[in-house]
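Structure first, then comments.
The values are calculated or read from the model by the stated rules, or taken from the named source; none is laboratory data. Model, not experiment: these values are computed from the prediction. All Cβ positions, even for glycine, are placed from backbone atoms using ideal geometry, and neighbour counts span all protein chains on display.
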Amino acid sequence: MSSSIELYRIKKKIEEANNLLIVSHHDPDGDALGSSLGFGLFLDSIGKKTTVYNRDKCPAYLNFIDSSGLINSIENIPNDIDLILLLDLNDFERTGDDMSIYLKKTKLDIIVIDHHQNPKIKTNFSLIETNSSSTGILIYNLISSFGQPIDNLIATLLLTTIVTDTSSFRNSNTNSEALRVAAELITLGGDMQLINSSLMNDRSLNKLRLEKEILLNHEFFTDIKTSISFCTTENYTSTNTTKEESEGVANFLLNHKEVKIGVFIRQISENSWKVSMRTNGFIDLSLLANKFDGGGHKNASGFSFDGNIDNLKKLLRERILYEQQNPTT
Ligand code: 5GP
Ligand code: MN
C-alpha cells in the first residue's frame, strides 16, 4: 500500500479515537522522545486525551526536552485508552517487559510509525519508511496532513529527532528530506541553537575518564576492518558515570579511516551485554543484528547478548567475516 494511503488511514483512525497511548522504545533517544512528546503535544492541541509512556526516563543529554508529562509505569496508564501508537520501534520487546506483556494482551488497534528495517509487529495500521532519517519526519508528515499549525515547541521536538538520528546531519542517512523538513521546522520556530548547545555542552571530566577506560579496551581487527571496544560495569562505577556518558562510542570508532564497522559493547550485568554497531554501507548491520535477535538500520543497529564477552566478540567476528564474504543483496 502506498504510504499516502497508509497516512490517510492512520489519520482517520486517530481522528476517531479519544484517548490515545503513545509508546516508544526503552532507553529512549532523541527520536523516540522527540516524536512521542511532539505528537503528544499535537494530539492535546486537537482535543485528544494523550498518555505518553516510556519504560525509562529522559536521559540527561536531552534535558532541554520537557518530559514532565512522560509516564514510566504501566500502572499509570488510564484504563479507557482506545488507540495505541508505537513510535520508533517495530518489535514489542523494544518497549520493555511490562509494556510488551500489555501490548500482547491488548485488543485495541495498534498503529506503528517507524523507520527501522525488518518489521516484527503485525498490524493493519503501519507507516514504515526505512529511507526516512527519523521517525519524527513521519510524525511531521502526519501532523501536516491534519492541516493544523505546528507550534515552536512541537517544531523543536521534531527537529531534535532529525538532529539526533543523523548525528547533526553527519550520518549517511542525512538526505534531502531530512534537510528540507529540518528547514521547515526551523521556519516554524524549531530552536536549532538550543538543541545544538545542549547536545554539545554535555561533556564532563568523568566522561573523559570513562573514554580513557573504553580506549584501553579497544581492539582493531584488520581482517574484518572492525573496531570493537567495550565498557564494563566496573568501568562505569570507577569513573562515576552511567551508560549515558558512553553514547556515541560506536560512531566515534567509525570516524577512523581504516575502520569500516564500529562496535561498542556495554555491560548490563555479569553475563549480559548490549551491542551497538555503526557502518557506512560496508555490510547490512540490520541483518547482522537480526542474527542475534536485535535489529535497527543498515548502517546502525544493535542487540542484547547473554553470555561471555570473549564468546560474543568471537561470534561477532565470525558473523562479520561471513557477511563480508557473502554479502546479502
Ligand atoms: P543504538 O546503537 O543507538 O542503541 O541503536 C542503533 C539502532 O539499532 C537504533 O535504531 C535502535 O533502535 C536499533 N536497536 C538497538 N538495539 C536494538 C535491539 O536490541 N533490538 C532492535 N530490534 N533494535 C535495536
Ligand atoms: Mn529513530
Scan the stretch 235-249 and tell me whether some residue there is modelled with pLDDT of 95 or more and closer than 19 Å to H297 by Cα. yes
So which residues in the stretch 260-281 are touching a residue at least 40 places away in the same chain (Cβ under 8 Å) and surrounded by fewer than 20 Cβ atoms within 10 Å (Cβ to Cβ), if there are any at all? Q267, N280, G281
Positions within the stretch 135-173 being β-branched (V, I, T), more than 21 Å from S198 (Cα to Cα) and either loosely packed, with under 15 Cβ neighbours inside 10 Å or more than 12 Å from ligand 2 (Cβ to nearest atom) (or both), in sequence order: I143, I150
Residue list for the stretch 282-306, filter: crowded, with 17+ Cβ neighbours inside 10 Å, closer than 15 Å to K120 by Cβ and within 9 Å of ligand 1 (Cβ to nearest atom): S286, A289, N290, F292, G294, G295, G296, H297, S301, G302, F303
Can you name the number of the only condition in (1) within 23 Å of S45 (Cα to Cα); (2) in contact with a strand residue (DSSP E or B) (Cβ under 7 Å, 6 or more places away or on another chain); (3) within 15 Å of ligand 1 (Cβ to nearest atom); (4) part of a helix (DSSP H, G or I) that G136 fails? (2)
Of the candidates G69, G96, the one satisfying the condition of being touching a strand residue (DSSP E or B) at 6+ places or on another chain (Cβ under 8 Å), touching a residue at least 24 places away in the same chain (Cβ under 8 Å) and more than 16 Å from ligand 2 (Cβ to nearest atom) is G69
Test result for D29, within 14 Å of ligand 2 (Cβ to nearest atom) and either over 10 Å from the mean Cα position of the chain (by Cα) or surrounded by 17 or more Cβ atoms within 10 Å (Cβ to Cβ) (or both): yes
I162, sole failed condition from (1) of a type outside the set (S, T, Y); (2) outside any loop (DSSP other than H, G, I, E, B); (3) within 16 Å of ligand 1 (Cβ to nearest atom); (4) farther than 22 Å from Y61 by Cα: (4)
With the requirement that a residue be assigned to a strand (DSSP E or B), under 15 Å from the mean Cα position of the chain (by Cα) and either more than 16 Å from ligand 2 (Cβ to nearest atom) or farther than 17 Å from L254 by Cα (or both), what does the stretch 276-295 give you? G295
Could you go through the stretch 240-256 and let me know if any residue there is under 24 Å from the mean Cα position of the chain (by Cα) and assigned to a strand (DSSP E or B). no
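Results for (1) assigned to a strand (DSSP E or B); (2) within 20 Å of the chain's Cα centre (by Cα); (3) within 22 Å of G136 (Cα to Cα); (4) away from ligand 2 (no atom under 16 Å from the Cβ), shown as yes or no for each residue.
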residue: D80; (1), (2), (3), (4): no, no, no, yes
residue: L86; (1), (2), (3), (4): yes, yes, yes, no
residue: L89; (1), (2), (3), (4): no, yes, yes, no
residue: Y102; (1), (2), (3), (4): no, no, no, yes
residue: K107; (1), (2), (3), (4): no, no, no, yes
residue: V112; (1), (2), (3), (4): yes, yes, yes, no
residue: H116; (1), (2), (3), (4): no, yes, yes, no
residue: K120; (1), (2), (3), (4): no, yes, yes, no
residue: T123; (1), (2), (3), (4): no, no, yes, yes
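Matching residues to (1) surrounded by fewer than 15 Cβ atoms within 10 Å (Cβ to Cβ); (2) within 16 Å of ligand 1 (Cβ to nearest atom); (3) closer than 18 Å to E93 by Cα; (4) not acidic (D, E):
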position	(1), (2), (3), (4)
K12	yes, no, no, yes
L20	no, no, no, yes
G34	no, yes, no, yes
L37	no, no, no, yes
L43	no, no, no, yes
T50	no, no, no, yes
L62	no, yes, no, yes
S68	yes, no, no, yes
